[in-house]
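Report on the following structure.
Each reported figure results from applying straightforward, stated rules to the coordinates on display, with no laboratory input. Values in this document were obtained by computation on a predicted structure and should not be read as measured data. Here the Cβ positions follow ideal geometry from the backbone for every residue, glycine too, while neighbour counts run over all protein chains shown.
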Number of protein chains: 2
Amino acid sequence: MTLSPTPRSTLTRKRDRARDDRQALYDVLDAGLVCHLGLVLNGSPVVLPTGYGRDGDTLYVHGSTGSGNLREAARGVAVCVTVTLLDGIVYSRSVNDHSMNYRSAVVHGNARPVTDPDEKLRGLRVLTDHLAPGSWGYARDLNAKELAAVSVLAVGLAEASVKVRAGDPTDEPEDVLNSPAWAGVLPVRTVFGEPESSADLAVGTPVPPHVSRRARGR
Amino acid sequence: MTLSPTPRSTLTRKRDRARDDRQALYDVLDAGLVCHLGLVLNGSPVVLPTGYGRDGDTLYVHGSTGSGNLREAARGVAVCVTVTLLDGIVYSRSVNDHSMNYRSAVVHGNARPVTDPDEKLRGLRVLTDHLAPGSWGYARDLNAKELAAVSVLAVGLAEASVKVRAGDPTDEPEDVLNSPAWAGVLPVRTVFGEPESSADLAVGTPVPPHVSRRARGR
């Protein structure tokens, strides 16, 4: 199954950076932690960072019912959800060919407010599993009041595009021949540090495996 | 100088996470590498990742003159530029209080196309200094053709908001008392790896100090 080739999800340039398979979309979405949710508020664009999670071809985002932006999005308006992973700084022999290695996914759709209690709980589980795998079932469940105070939105993945730049700089042939400058990639990585226990934690409370494993990158 | 308290740049909730000094805005913008540029295209929001640089109270973004989104933005339309730095995953004793530590800046403004050749060159230098400090003056300068093919936009920083979450989870008092669960923060860091020379680089070309220093985090 390929991604949908609507005009706004079709890349008009640097087509070599476009990936049209669905797995590439899943890979980017599953590797990110923060998405940037765009919507139009009073005629102006607003872009907000937020957590998300993916369940098949549905993306879930959530927020407080007290958030004006979320309330607007929950009216079913058009949104754009973008996830970007920076992989490297590309140093070329010319200033003009400097670039970044990255993977990005851009999803267009209408935000559907999730009102069915079962789907809402499912969406929150998907969000939690994405943010903090292993926490669902370990940490205390949401109670009815907490569930009522959170707003969950669903965005379908039908219309999306993926863009990837990887590898060496692409210098002009003359520059490769004539320039004495170094060219290459400085990798950029997102890593987890050592878990830091909360100051109010009872002494001796162990770091659970789902957190310690992640700290060690496993 | 504080940030402008217009309605759309005033946080309506979790005000404790808002920072209203200009230095906090500069700090977030200067620490990020990728921004998410939002604009309205045919009535729908579009959010695109791109590089940027800051010169005082002006943010510069750039792109190809062949990019439809950039062409639209260059018409002086309203844009929203958001920079987000993820600092940690916040594990609380309840699923509901799980969160992220982050710093984010949201800038609202109209994109001004930079047409003056001096400012355009200045904007590109600012962008290069941000993406790859030390490359301007080391790598080959832009030639006239390259300069003509790039589009530079300026966005003022007059209307912006900064949001920061840091530190321990904020659990409900009952959970702190009664839950046996671990609570704390898993730090998230963005680090540079070892520079990887381009396959077409002449053998023996040294990695310049402005790249090797960065790889070592200095």
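A few remarks follow.
- About its Cα centre, the protein assembly as shown has a charge dipole of approximately 360 debye under the convention of +1 per Lys or Arg Cβ and -1 per Asp or Glu Cβ, with nothing else charged.
- Where Cα atoms sit under 22 Å apart: lysine pairs in the protein assembly as shown separated by 8 or more or lying on different chains: 6
- Here the label points at A:D118 and A:E196, each 7 Å from Cα along the C-beta direction, are separated by 4.2 nm in the simple model.
- GNM top mover of A:H108, A:H98, A:H130 - chain A, alpha-carbon springs below 10 Å: A:H98
- In nanometres and ascending order, the distances from the B:P113 label point to those of the other copies are 4.1 (point 7 Å from Cα along Cα→Cβ).
- Inter-copy spacing of B:L41 label points, which lie 7 Å from Cα along Cα→Cβ, given in nm from shortest upward: 2.2
- Applying the criteria of a DSSP loop state and at most 11 other Cβ atoms within 10 Å to the trypsin sites (Lys or Arg not before Pro) of the range A:56-137 yields A:R75.
- Computed over chain B: relative contact order in percent, which uses C-alpha pairs under 8 Å that are six or more apart: 26 percent
- Dipole moment magnitude, nearest 20 debye, chain A about Cα centre, only Lys, Arg, Asp, Glu C-beta charged: 320 debye
- In the distance distribution for the protein assembly as shown, Cα-Cα pairs more than 34 Å apart total 33 percent.
- For the range B:181-203 and the range A:139-207, distance of Cα centres in Å: 11 Å
- Sorted from nearest, the other copies put their A:E174 label points 7.3 nm away, the label point being 7 Å from Cα in the direction of Cβ.
- CD proxy at 222 nm, helix term only [per DSSP H run n ≥ 4: -39500 (n - 2.57); per residue of chain A; nearest 500]: -6500 deg cm²/dmol
- Cα-based Rg and Dmax for chain A, where Dmax is the largest Cα-Cα distance (Å): 20.7, 68
- Size of the range A:74-155: Rg and Dmax of its alpha carbons, in Å, are 18.7, 59.
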